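For reference, the structure is listed below as structure tokens.
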Amino acid sequence: MKEKNIFKMDYYKTYYFSNICNEIIENPLNYIRHLDEFWGNGQISYLLNSFQKYSVLHHFIEHVIDRLFCESNNNYFPKLNIEELQNHKFWINDTLNYHDIKHPSFNDWYSSEPLSEDLIFEYLEFIEYSDFYLDLKEQMIEETFFILFMNRNFLRKFNLNISGIFRMLENDECNNDATYLLNDKGKLLRKNIPSWAKKAVFFRDRGTCTYCKKDLSGLINISNNYHIDHIIPLAKYGFNDISNLQLLCEFCNTSKGSRHTNVSNEYEKWY
Ligand SMILES: [Zn+2]
């Protein structure tokens, strides 16, 4: 029987998607319109809920994939004429095929209607709103999350970016449903970190303090307590999101204070 937390990595362009997410976060000014569509105009307030398994990072990856899908569709016109389009395998077809998601090709889908560019748009729209596309996105988001979640430096920049937008939000711009999540300074209230999130961070950081590398597993030294730290502190408009967590020992956590946003870029080699 398959364990429920086991999933298949197809690695189909996973690094490409991860790299685009990273590129956007590294150079936010070049992608300002892109980012604005995602969390501009108060939309970020929908992401303030505490510790959702479908994290803020999942939402971001989904947004990036949707945008790439739209852009790749627009690229076909008017470069290809209608006959070429008819036999063309779109990016989405290749991707669905790679992941073994059965779906109708354009030729399967259209019947005897006269061919037109509109029909191809309709087909791509049909795919966009189909369950095939939802299944595909779920797979791609999970794979991309798997890669990016390992990269604490990326997570820090990602969370700095969101916290910067959150800081600029006036309280009244926040969705009313979210105001109960905020303190009187408009920052997020501290919430209990659910055990699934603690476990994930503990295993990702291999049960060691990410700063001083002290063992926190209780196997080598039973007196070392572990702390799950907010990379961007709540006091600096950090989020209660799994992408904003790291493992620290008690000493490093208490000496970090509430102003710093440091992450360690040191990792233990596999061997
Ligand atoms: Zn430490």
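The values are calculated or read from the model by the stated rules, or taken from the named source; none is laboratory data. Remember, it's a predicted structure, so these values are computed and weren't measured experimentally. We place every Cβ from the backbone using ideal geometry, glycine too, and count neighbours over all the protein chains shown. All accessible areas refer to the heavy atoms of the entire protein, side chains included, with ligands and DNA or RNA removed. Shrake-Rupley method; radii C 1.70, N 1.55, O 1.52, S 1.80 Å.
Computed quantities for the displayed model
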{"read-out": "Matching residues, segment 120-133, being surrounded by fewer than 17 Cβ atoms within 10 Å (Cβ to Cβ) and part of a helix (DSSP H, G or I)", "value": "PHE121, GLU122, GLU125, PHE126, GLU128, ASP131"}
{"read-out": "Residues within segment 55-89 that are under 25 Å from the mean Cα position of the chain (by Cα) and either surrounded by 12 or more Cβ atoms within 10 Å (Cβ to Cβ) or hydrophobic (A, V, I, L, M, F, W, C) (or both), tallied", "value": "18"}
{"read-out": "Single unsatisfied condition, LEU155 versus (1) in contact with a helix residue (DSSP H, G or I) (Cβ under 9 Å, 6 or more places away or on another chain); (2) at pLDDT 95 or above; (3) closer than 17 Å to ASN49 by Cα", "value": "(3)"}
{"read-out": "Unique residue being open to solvent by 70 Å² or more (accessible area, probe 1.4 Å), modelled with pLDDT under 90 and in contact with a helix residue (DSSP H, G or I) (Cβ under 9 Å, 6 or more places away or on another chain) when the list is GLU26, GLU3, GLU37", "value": "GLU37"}
{"read-out": "Filtered residues of segment 244-255 (kept if within 10 Å of the ligand (Cβ to nearest atom), within 25 Å of ASN49 (Cα to Cα) and out of contact with any Ser or Thr (no Cβ under 9 Å at 6 or more places or on another chain))", "value": "ASN253"}
{"read-out": "Which listed residue, of LEU96, LEU115, LEU136, LEU148, is touching a residue at least 24 places away in the same chain (Cβ under 8 Å), of a type in the set (A, V, I, L, M, F, W, C), closer than 25 Å to ASN19 by Cα and out of contact with any Phe, Trp or Tyr (no Cβ under 8 Å at 6 or more places or on another chain)", "value": "LEU136"}
{"read-out": "Every residue from segment 187-212 that is surrounded by fewer than 16 Cβ atoms within 10 Å (Cβ to Cβ) and assigned to a loop (DSSP other than H, G, I, E, B)", "value": "LEU189, ARG190, LYS191, ASN192, PRO194, ARG206, CYS212"}
{"read-out": "Where a residue in segment 192-211 is within 18 Å of PHE145 (Cβ to Cβ) and its partner, wherever it lies, is away from the ligand (no atom under 16 Å from the Cβ) and part of a helix (DSSP H, G or I), with Cβ under 6 Å and at least six apart", "value": "ALA197/ILE242"}
{"read-out": "All positions within segment 40-97 that are more than 25 Å from TYR12 (Cα to Cα), of a type outside the set (A, V, I, L, M, F, W, C) and not in a helix (DSSP H, G or I)", "value": "GLY40, ASN41, GLY42, ASN49, SER50, GLN52, PRO78, LYS79, ASN81"}
{"read-out": "Selection status of TYR271, open to solvent by 40 Å² or more (accessible area, probe 1.4 Å), within 12 Å of the ligand (Cβ to nearest atom), more than 27 Å from HIS59 (Cβ to Cβ) and part of a loop (DSSP other than H, G, I, E, B)", "value": "no"}
{"read-out": "Sole exception among (1) within 16 Å of the ligand (Cβ to nearest atom); (2) part of a helix (DSSP H, G or I); (3) of a type in the set (D, E, K, R) for GLU142, by number", "value": "(1)"}
{"read-out": "Single match in ASN161, ASN262 (criterion: within 14 Å of the ligand (Cβ to nearest atom) and either more than 22 Å from LEU48 (Cα to Cα) or surrounded by 13 or more Cβ atoms within 10 Å (Cβ to Cβ) (or both))", "value": "ASN262"}
